[in-house]
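*Asks:* Here it is, the structure, as structure tokens.
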Amino acid sequence: MHVDKYEQAWIRISIFVLVIFIIAVLTASVSAGIQVPGVEGRVDPNLITTPGASPWAEPSVRELAPGKYEAYVLAQIWAFRPGEIRIPAGSEITFYVTSKDVQHGFKIMETNINMMVLPGQVSKLKTTFDKPGTYNIVCHEYCGIGHHTMYGKIIVEEVATEAAASE
Amino acid sequence: MSVQSISQPQAAASSAKASEARFALENRLTGWQIGIAMAALSLGIFLGIVQGLEHAGLNLYTYLQPAFKSYYQGLTIHGVLNALVWTTFFITGFFTTAITRSLDMPISKPWLARLGFGLMVVGLLMTAYPLFANLATVLYTFYPPLQAHWTFYLGLTLIVVGSWVAGYAFFFTYAAWRKENKGVTTPFIAQASLITMAMWQIATLGVAVEILAMLLPWSLGLLPGTDALLGRTLFWYTGHSLVYFWLLPAYVSWYGMVPKQAGGKLFSENLARLVFWLFLLLSTPVGFHHQYTDPGIPQGWKMLHGLFTFGVAFPSLITAFTVAASLESGGRARGGKGWFGWIKKLPWDNPSFTAQNFAMILFAFGGISGVTNASYSLNLAVHNTTWIPGHFHLTVGSATTLSFFGIAYWLVPKLSGRGLFSRKAALAQAWTWLFGMIFFSNGMHMLGLHFGAPRRTMLGAAPYRDAAWNPMLMESVLGVLILTVSAFLFFYVIIGTVLAGKKLKEPVEMPVAESMDTSPTPAWLDTWRGWVYGAVALVILAYGPMLYVLFNEMQLIPLPPGLRVW
Ligand code: HEM
Ligand SMILES: [Cu+2]
Ligand SMILES: [Cu+2]
């Protein structure tokens, strides 16, 4: 097949650029540790809220070790439970989120936490909050007529000792 | 001699008329298909404008009661009518003309073409009922366990099956042509269109299984529940190739027709054929890039589809070069000189050309934001934010839609036998779409990127909405206002042409670009079997194992009784 010489050059450049992109993406996810949700096993959305049956029966935040937290969050129409999460600045927190009814979204503003929340599935991601302040958790998947009212808050509190030290 | 030279143009005119008569059925079908497409689009765009204004705090839905009950009902109708109905109907209509004229052969089994069209119309009516009755406010992605009325699922199925049958009519026509033209290279426009229809058959299998095996029986009470993740996976199996089904008909025009309109030739026809085969191979096995943020799918599979996604960017990069080089040949043939002088000489006074040229420009931006979406890691920043509608209004909303407008500017005169009603209005339409879309999409992109504002959301009423979002929302609303003018101009020109255009003495011909490179087409670019097998094999590799796991683990989760969320 005859291919014009400029076009051949363009084809080479295109392949080169795409390979660079691929390498960049691979490096970012391996070395910078950018993570997307994976497989966490299935749950039954009609049973999880039975008392004692699962961590989502009493959705809450737990401290695992100093500065290490895990949050079990239940998404349902049209609220997150718990609706407000408080942690000290500098904490690492892992979210386990599932839905009781339809599909929802879970995006924490100003962070890399962005995941779909599906009935029957557990979405897990972790992040560290260094800066004190209030971060909205917004549902970004259509979940019915009240979808735009569905949000929660993460309140990252200034640590007392740090505050004292900086004074 | 002199007698001959006088009678020749007359002979040509009467043979053009005779040829129109041979294609009477094709003209009628195309006319109905694109007519229905445009009717759907007019309502779809109207609701788009209402949505855009809502984001700026002007909620017109209070005045649209009881016809449209909510923002989300409107959004569902906007998505279904624009992304599914306008595209599918226009594409089958356009291809009915493109394939038969390119082969110079009428449809060989007219009953099949009629049946396909009939199924699509019945499907459309059936889908319209629950949409307007507010029984299917599930958005155009209908993710389970949102449950629509069963007529919604059946109607969508019939539209898709109708488009399959329309495709069979094309394939049979091609087979008949092949029999009469042994050893002749398939004309480019026909081949590219047929490959697009073949890709569509493979692509729609996912959503067909989702609906027929899961959602339709469930909505009829025959299945106890649904599996959300399996539903999403089957949907996005189709969902990504769907975007190529929207794009490739525009490519058919950009490669096969626009160079002719620009006064040039198609720069490298053989490479263009290769591009279409690559799309057949690579359009489908990339769907997980829509599910990067989904739970339940291993990161490795997401990564694999992410890498394939860069592969499918490759044929689009070739397209950018070939189409630009073809246009350059046109500009130079029209007397353009120097590095950029040829651009000025392009036929900017021809609305069909101008609209499609702007479609290409907007697509270049859309391609850039698309590569961002596809990047496994960058995607986290923008997934399900307003960045995404910012992106696809450049692609399906412009590359596709504005190209189809450009095509309509010669196709409607051809079908109606009437000249374009107002060339000036049509040119203004193209320019306003260009600028309207730049503002609209830039506002949406930036709002999503910087503030993470969620898409599919009644932002005007959201309690977390921040005053800092306003400049970007206002920019997007400025775009919406310009687009409103543009849409109005489009329908003004089309309706004006059909009702009051000047009667043409000679029928308009479909523009067909010649190939600049006259070297023969290698046989491997004009055979089907290997490419189709390759495409199927890639789909099985990229989807087989994961679908096997998901089917095995399937949980049919019942809905909480009486749950209707809208
Ligand atoms: C010309 C005027 C148009 C305007 C003002 C407009 C406006 C909008 C807006 C504001 C949204 C976002 C709604 C939200 O996320 O809450 C949207 C969504 C959408 N638009 Fe458009 N649009 C227009 C044309 C089109 C065209 C021509 C197409 C396709 C051919 C299209 C396809 C879509 C789709 C598929 C969605 C997503 C629906 C969903 O998320 O379920 N739009 N449009
Ligand atoms: Cu929601
Ligand atoms: Cu995609």
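The values are calculated or read from the model by the stated rules, or taken from the named source; none is laboratory data. Since the structure is predicted, the reported quantities are computational estimates derived from the model, not experimental observations. Cβ: placed from backbone, ideal geometry, glycine included. Neighbour counts: every protein chain shown. Ligands, DNA and RNA are stripped out before the accessible areas are found, and what is left, the full protein with its side chains, is counted by its heavy atoms. Shrake-Rupley method; radii C 1.70, N 1.55, O 1.52, S 1.80 Å.
*Asks:* Using only Cα atoms, what Kirkwood radius does the stretch B:123-199 have, in angstroms?
*Replies:* With all distinct Cα pairs of the stretch B:123-199 included, I get 14.8 Å.
*Asks:* Buried accessible area between B and A (1.4 Å probe, both chains summed, ligands and nucleic acids excluded), in Å² to the nearest 100?
*Replies:* Numbers: alone 22890 and 10550 Å², together 27910 Å².
In total, this chain pair buries about 5500 Å².
*Asks:* Shifting gears a bit: Counting only helical runs of four or more DSSP H residues, what would the 222 nm mean residue ellipticity of chain B come to if each run contributes -39,500 (n - 2.57) and the total is spread over all its residues?
*Replies:* Theoretical 222 nm ellipticity from helices: -23000 deg cm²/dmol.
*Asks:* Let me ask you something else. Averaged over peptide B:459-466, how many Cβ atoms belonging to another chain are found within 10 Å of each residue's Cβ? Could you put the intermediate results ahead of the total?
*Replies:* Values: counts 1, 1, 3, 6, 5, 11, 1, 2.
The mean count of partner-chain Cβ atoms within 10 Å per residue comes to 4.
*Asks:* In square angstrom, what is the accessible area per residue of the protein assembly as shown with a 1.4 angstrom probe?
*Replies:* 38 Å²
*Asks:* Moving on. In terms of solvent-accessible area of protein heavy atoms at a 1.4 angstrom probe, what is the ranking of A:R12, B:R232, B:R564, B:R456, highest value first? Don't jump to the answer; show the numbers that get you there.
*Replies:* Details: A:R12 155, B:R232 5, B:R564 120, B:R456 25 Å².
Heavy-atom accessible area, descending, gives A:R12, B:R564, B:R456, B:R232.
*Asks:* Would you please give the residues with an amide H less than 5 Å from that of A:Q121, counting only those at least 5 places away or on a separate chain, with H modeled from the backbone geometry?
*Replies:* Answer set, sorted by chain and number: A:V43, A:S99.
*Asks:* Explain nothing, just the number: dipole magnitude of the protein assembly as shown about its Cα centre with +1 on each Lys and Arg Cβ and -1 on each Asp and Glu Cβ, in debye rounded to the nearest 20.
*Replies:* Charge dipole, the protein assembly as shown, about its Cα centre: 2380 debye, nearest 20.
*Asks:* Okay, moving on. Name the long-range amide H neighbours of B:G296: under 5 Å, sequence gap of 5 or more, or other chain; modelled H, no Pro or chain starts.
*Replies:* A:G38, A:V39, A:E40
*Asks:* Take chain A, connect every pair of alpha-carbon atoms lying under 10 Å apart with a spring to form a Gaussian network, then pick out the residue of A:S60, A:S14, A:S123 with the largest mean-square fluctuation.
*Replies:* Looking only at A:S60, A:S14, A:S123, the biggest GNM fluctuation is shown by A:S14.
*Asks:* On a 1.4 Å probe surface of the protein chains, which of B:E54, B:E269, B:E506 comes out largest in accessible area, and what is the full order?
*Replies:* Correct descending sequence by accessible area is B:E506, B:E269, B:E54.
*Asks:* With angles folded into 0 to 90 degrees, how steeply does helix B:470-500 sit against the dominant principal axis of chain B? Use alpha carbons for both and round to 10.
*Replies:* 40 degrees
*Asks:* Counting only the heavy atoms of the protein chains, how much of A:K124 is accessible to a 1.4 Å probe, in Å² to the nearest 10?
*Replies:* My reading of the accessible area for A:K124 is about 70 Å².
*Asks:* While we're looking at this one, here's another question. Distance cut-off 22 Å, Cα to Cα: go down the list B:K179/B:K265; A:K5/B:K345; B:K17/B:K503; B:K109/B:K182; B:K182/B:K414 and report the pairs above it.
*Replies:* In this structure, B:K179/B:K265; A:K5/B:K345; B:K182/B:K414 exceed 22 Å between Cα atoms.
*Asks:* For the stretch B:19-558, just say rounded, prolate or oblate: build the C-alpha gyration tensor, square-root its eigenvalues into a ≥ b ≥ c, call rounded for a/c under 1.5, and beyond that prolate if a/b exceeds b/c, oblate if not.
*Replies:* Working: a/c = 1.40, a/b = 1.20, b/c = 1.17.
Note, shape of the stretch B:19-558 comes out rounded.
*Asks:* By DSSP, what percent of the beta bridges with both residues in the stretch A:55-166 are antiparallel, rounded to the nearest 5?
*Replies:* 65 percent
*Asks:* In 5 Å bins starting at zero, report the fraction of Cα pairs in chain A per bin as a rounded %.
*Replies:* 2, 8, 14, 16, 15, 12, 9, 7, 5, 4, 4, 3, 2, 1, 0
*Asks:* On to the next question. Based solely on C-alpha atoms, express the radius of gyration and the Dmax of the protein assembly as shown in angstrom.
*Replies:* 26.7, 106
*Asks:* Please give the average number of partner chain Cβ atoms lying within 10 Å of the Cβ of each residue in A:134-142, rounded to a whole number.
*Replies:* 6
*Asks:* Excluding residues fewer than 8 places away in the same chain, name every one of the aspartates and glutamates whose C-alpha is closer than 16 Å to that of B:K260.
*Replies:* B:E269, B:E328, B:D349, B:E509, B:E514, B:D517
*Asks:* Something else about it: Taking all protein chains in place and a 1.4 Å probe, what share, in percent, of the accessible surface of chain A do carbon and sulfur account for?
*Replies:* Taking all protein chains in place, chain A shows 57 percent carbon and sulfur surface.
*Asks:* Roughly what angle does helix B:87-103 make with the longest principal axis of chain B, taking Cα atoms, 0 to 90 degrees, to the nearest 10?
*Replies:* So the inclination is approximately 30 degrees.
*Asks:* Also: Please enumerate, by chain and number, the lysines with C-alpha under 21 Å from the C-alpha of A:K131, excluding those fewer than 8 residues away in the same chain.
*Replies:* Qualifying lysines at Cα under 21 Å: A:K68, A:K107, A:K153.
*Asks:* Using label points projected 7 Å from each Cα along Cα→Cβ, tell me how many nm separate A:T49 and B:F435, to one decimal.
*Replies:* Taking the two extended label points, one gets 5.3 nm.
*Asks:* A follow-up question, please. If amide hydrogens are placed 1.01 Å from N in the peptide plane, which non-local residues have theirs closer than 5 Å to the one on A:F80?
*Replies:* A:Y151
*Asks:* To the nearest 10 degrees, how steep is helix B:269-282 against the longest Cα principal axis of chain B, on a 0 to 90 scale?
*Replies:* Value to nearest ten degrees: 20.
*Asks:* Which aspartates and glutamates, on any chain, are close to A:K100 with Cα under 12 Å apart, when same-chain ones fewer than 8 places away are left out?
*Replies:* Here the aspartates and glutamates satisfying the reach criterion relative to A:K100 are A:D44.
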